[in-house]
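What follows is one structure encoded as structure tokens, with my remarks underneath.
The values are calculated or read from the model by the stated rules, or taken from the named source; none is laboratory data. Remember, it's a predicted structure, so these values are computed and weren't measured experimentally. Neighbour counts are summed over all protein chains in view; Cβ atoms, including those assigned to glycine, are modelled from backbone coordinates with ideal geometry.
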Amino acid sequence: MPVLNRIAEFQNEMTLWRHHLHANPELSYQEHQTASFVAEKLRSYGIEVTEGVGGTGVVGVLHGNRESGRSIGLRADMDALAIEERNDFAHRSTNRGVMHACGHDGHTTMLLGAARYLAETRNFSGRAVFIFQPAEEMGGEDGGAARMIREGLFENFQCDEIYGLHNWPGMEVGTFAVKAGPMMASGDAFEIEVESTGMHAAQPHKGADVVLTAGHILVGLQQISARNTDPLDAIVVSATQIHGGDAYNVLPNRVTIRGTVRAFSPTARAAAEPSLRRVVEGMCLSTGAQCKISYVQQYPTLINSDAAARSAEAAGSSVFNKVETNPPQTMIVEDFAFMLEDRPGCYGWIGNGPDDNGRILHSAWFDFNDEVLPLGASYFAALVEARPKA
Ligand SMILES: [Zn+2]
Ligand SMILES: [Zn+2]
């Protein structure tokens, strides 16, 4: 694979950084050691560093050896998940109950690798901005991307375009996938509280049964995708939590249902909330229960701009064996979508190898594939070096 030679030379060091990060995972907005590790490395390459951007975020700025007013942003995420790691290799997590189960240790390492190479060579025009964001897993308005933007990321660090990537288990190592337009879904969260006075289980006629009402609601919610959305427009409604009741002989006075709605088109997304309200209110009307509904739009759809997708494809083609330009979209959401709302750019998936034996994202057996490190670093570097003078 045509990894940049200089990057191949420090592949072993990158592997050590990745193992260090994997062994020392930190949750969203607690990435203090990770941020210091990143900042220290960037400074050692002679890159200007600003820490504390959006909480624990780190931003590095590097000038190329050719004058240009243009600036390209590259982003990696740094946080880990609240999962107890089940692996027993030497670099397993030493922070109990916290684990790099999404491969952000690999993303951080690849961007550091690109930064080191670009700082040595500076064979590009304008500026490269290295963005290490916190709290990707927290997501929504509270997540790291939205917070960095709110706290002036793009005002303080000019980025005319921005690129990010995620490892993709189940896609071969040496494969890269990118797509112009919507690639990952929007994500909204809902909470439904179904309430009544509660009563004896043997006297259900003395009030409204919130457990039965919740059952009707769970089924009724599926009508949103099956009957209220254009069949050619993808949407998924998943009730993921249901809480209620403490005793076998009491009909409780409250059941809470929570879940998520994922969509691609703004039309399907906008129609989902009123549909959900109508279903819930209708079911409650039919049983006599009361309801409270809260519905929050959390993540925008991740949309790659056409020009940036072409740049990503070109840079990818120079590094990877295979670039897929029409991968199937996914209903998974991604915090980077906030950055792409603000700036044109492109997100891509980098093959992480087989997804058997728990090697899937957010699994307690996951581990980022170290073979991928020089590929991702070379891809980022190729993107920067391909910048035209402007
Ligand atoms: Zn994740
Ligand atoms: Zn992730």
Index of the failed condition, Phe380 passing every other in (1) in contact with a Gly (Cβ under 6 Å, 6 or more places away or on another chain); (2) among the aromatic types (Phe, Trp, Tyr); (3) assigned to a helix (DSSP H, G or I): (1)
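Matching residues to (1) in contact with a Ser or Thr (Cβ under 6 Å, 6 or more places away or on another chain); (2) part of a helix (DSSP H, G or I); (3) closer than 29 Å to Glu371 by Cα:
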| site | (1), (2), (3) |
| --- | --- |
| His166 | no, no, yes |
| Val173 | no, no, yes |
| Ala189 | yes, no, no |
| Ile192 | no, no, no |
| Leu212 | no, yes, no |
| Leu221 | no, yes, no |
| Ile224 | yes, yes, no |
| Pro231 | no, no, no |
Might you check whether a residue that is surrounded by fewer than 19 Cβ atoms within 10 Å (Cβ to Cβ) and of a type in the set (A, V, I, L, M, F, W, C) occurs anywhere in region 11-23? yes
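So which residues in region 81-102 are of a type in the set (S, T, N, Q) and closer than 22 Å to Met138 by Cα?
Going residue by residue through region 81-102, those that are of a type in the set (S, T, N, Q) are 87, 93-95.
Scanning region 81-102 gives Ser93, Thr94, Asn95.
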Test Arg86 against the stated conditions and say whether it is under 25 Å from the mean Cα position of the chain (by Cα) and surrounded by fewer than 24 Cβ atoms within 10 Å (Cβ to Cβ). yes
Mind checking which strands (runs of 3 or more DSSP E) fall wholly inside region 1-79 and carry at least 1 residues that are on the phi < 0 side of the Ramachandran plot and among the charged types (D, E, K, R)? 48-53, 66-77
Is it the case that some residue within region 154-173 is within 21 Å of Gln33 (Cα to Cα) and away from ligand 1 (no atom under 16 Å from the Cβ)? no
Filtered residue count, region 345-361, keeping only those that are closer than 19 Å to Met99 by Cα and surrounded by 19 or more Cβ atoms within 10 Å (Cβ to Cβ): 1
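For (1) among the aliphatic types (A, V, I, L, M); (2) over 30 Å from Gly353 (Cβ atoms); (3) crowded, with 17+ Cβ neighbours inside 10 Å, each residue gets a yes or a no:
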{"site": "Ser238", "(1), (2), (3)": "no, no, no"}
{"site": "Ala247", "(1), (2), (3)": "yes, yes, no"}
{"site": "Arg278", "(1), (2), (3)": "no, yes, no"}
{"site": "Val296", "(1), (2), (3)": "yes, yes, no"}
{"site": "Asn304", "(1), (2), (3)": "no, no, yes"}
{"site": "Arg310", "(1), (2), (3)": "no, no, no"}
{"site": "Phe320", "(1), (2), (3)": "no, no, yes"}
Select from region 64-81 the residues that are away from ligand 2 (no atom under 14 Å from the Cβ) and either within 26 Å of the chain's Cα centre (by Cα) or free of Cβ contacts under 8 Å to residues at least 24 places away in the same chain (or both) and list them in ascending order. Ser71, Ile72, Gly73, Leu74
Any residue at all in region 146-158 that is in a strand (DSSP E or B) and in contact (Cβ under 8 Å) with a residue 60 or more places away in the chain? no
Index of the failed condition, Ala135 passing every other in (1) on the phi < 0 side of the Ramachandran plot; (2) in contact with a Gly (Cβ under 6 Å, 6 or more places away or on another chain); (3) in the same structural domain as Trp17 (by TED's automatic domain parsing); (4) not in a helix (DSSP H, G or I): (1)
Among the residues listed as Gly207, Gly220, Gly215, the single one being touching a helix residue (DSSP H, G or I) at 6+ places or on another chain (Cβ under 6 Å) and outside the structural domain of Thr330 (by TED's automatic domain parsing): Gly220
Checked Ser93, Ser125, Ser68, Ser44 against criteria (modelled with pLDDT under 95 and surrounded by fewer than 23 Cβ atoms within 10 Å (Cβ to Cβ)); the one match is Ser68
Can you tell which of Thr94, Thr108 is of a type in the set (Val, Ile, Thr), within 13 Å of ligand 2 (Cβ to nearest atom) and under 14 Å from Leu21 (Cβ atoms)? Thr108
Return the pairs, sorted by first residue and then second, in which the second residue is within 16 Å of ligand 1 (Cβ to nearest atom) and not in a loop (DSSP other than H, G, I, E, B), the first residue lies in region 86-104 and is under 25 Å from Trp349 (Cβ atoms) and among the aliphatic types (A, V, I, L, M), the beta carbons are less than 8 Å apart, and the residues are 6+ apart or on different chains. Val98/Leu81; Met99/Leu81; Ala101/Leu81
